[in-house]
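No lab work stands behind these numbers, since they all come straight from the coordinates. Everything numeric in this text was worked out from a predicted model, so none of it was measured. Don't worry about glycine lacking a Cβ; one is built from the backbone with ideal geometry, like all the others, and counts go over all protein chains shown.
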Amino acid sequence: MKKLVFIALLALALVLLAGCQPKPVPPETNVEVPAEGAGTVGQQSPLEQPEQPAAEGIEGLPEGYDPSLEEGDNMPIAEGNYDASGVAQHAGATPVPLDPVDMPSPTKRPDLTFTFASYTAAKLGITFESVAGYLVDDSQADVYVLTEPIEQQKDNYSVVFTFSRSAVNANYTLNNLKTDLRTFASELGKVNYQQWRLSDTAERTLLGKPGAYVTYRGVMYDGTIVRGRVHMALLDNNRVLSIHYTGPGEYNTDYSNTVFTRIRSTLKII
């Protein structure tokens with residue numbers, strides 16, 4: 001009987017000893033579970049990211065323009081695809097001017113400076129001031145011509161001032177003068193010019209007498225641009241005085257505004 005009790009106690013001890021053994025630990029994983037309310041800095045779960053808005057149009061480009069088209073060798077330039085200053089617009093880079101369509105205007109050249117001298121057209125009975133050193137031709141009775149020397153020539157075109165006088169009848173009026181003025185200016189453009197444009201006729205006195213003038217722009221067959229002015233005035237004793245200026249177009253402002261004005265303001269009858 002004692003032996004049976006001892007065997008039972010030994011079996012119970014073995015059972016208890018087996019229950020005290022540590023359980024195997026499963027392999028660790030690399031998943032880090034953040035604390036509640038915390039998140040990984042700079043990252044969001046794909047499910048938590050907000051919906052991305054649709055791409056908007058690029059400023060300065062036409063609606064619906066596809067910037068990916070600019071990646072190829074033959075980059076298209078859409079018609080009208082220019083900013084307010086006329087510069088071509090592209091999506092992927094700073095706008096670049098397309099020469100010669102939208103290149104900026106060249107830097108303005110310095111204004112010309114002049115030295116003036118007195119001239120006397122004895123046959124016409126007038127005196128005035130103009131650019132010093134001009135060549136004089138007074139070989140004709142009623143014509144006096146000043147020509148810029150070739151060494152001072154610009155754009156292969158010399159400036160010329162031609163003064164002339166003609167007789168008219170007693171019934172000749174300012175309206176007749178305006179008609180003759182435009183006819184004369186129109187005839188100038190019929191020789192040696194591929195293009196010819198006239199301004200409107202404007203009234204302006206000369207020597208204090210009623211007169212009118214017209215300006216013109218012509219393009220010669222070699223591409224030379226010419227600008228000029230014809231000014232006529234009805235003088236006493238049924239005479240018409242004409243001053244015709246012609247010069248290179250690029251320098252029209254210098255000669256028209258400065259030299260022609262100097263001639264008109266210093267013109268006197270002798």
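Things to note:
- Model label sites at R262 and R182, defined 7 Å from Cα along the beta-carbon direction, differ in position by 3.3 nm.
- Structure note, pairs K123/K190; K123/K268; K108/K154; K178/K209: Cα-Cα distances above 22 angstrom occur for K123/K190.
- Amide N of the stretch 237-270 lying under 14 Å from the label point, which is placed 7 angstrom from the Cα of F116 along Cα→Cβ: 255-268
- Cβ-based exposure ranking for M232, M220, in which fewest neighbours within 10 Å come first: M220, M232
- Each Lys or Arg adds one and each Asp or Glu takes one away; over the other residues whose Cβ falls under 13 Å from the Cβ of L235, this sums to +2.
- Summed side-chain charge close to Y213 - residues other than Y213 whose Cβ falls under 14 Å, Lys, Arg +1, Asp, Glu -1: +4
- Cβ-derived FRET efficiency at R0 51 Å, N238 paired with R197, nearest 0.05: 0.95
- Sum of side-chain charges, T253 neighbourhood, beta-carbon under 15 Å (Lys, Arg +1; Asp, Glu -1): +3
- Were the residues from L174 through K108 laid out at 0.36 nm apart, the gain over their Cα-Cα distance would be 19.9 nm.
- Counting neighbouring beta carbons within 10 Å and listing from fewest to most, the residues E250, E187 come out as E187, E250.
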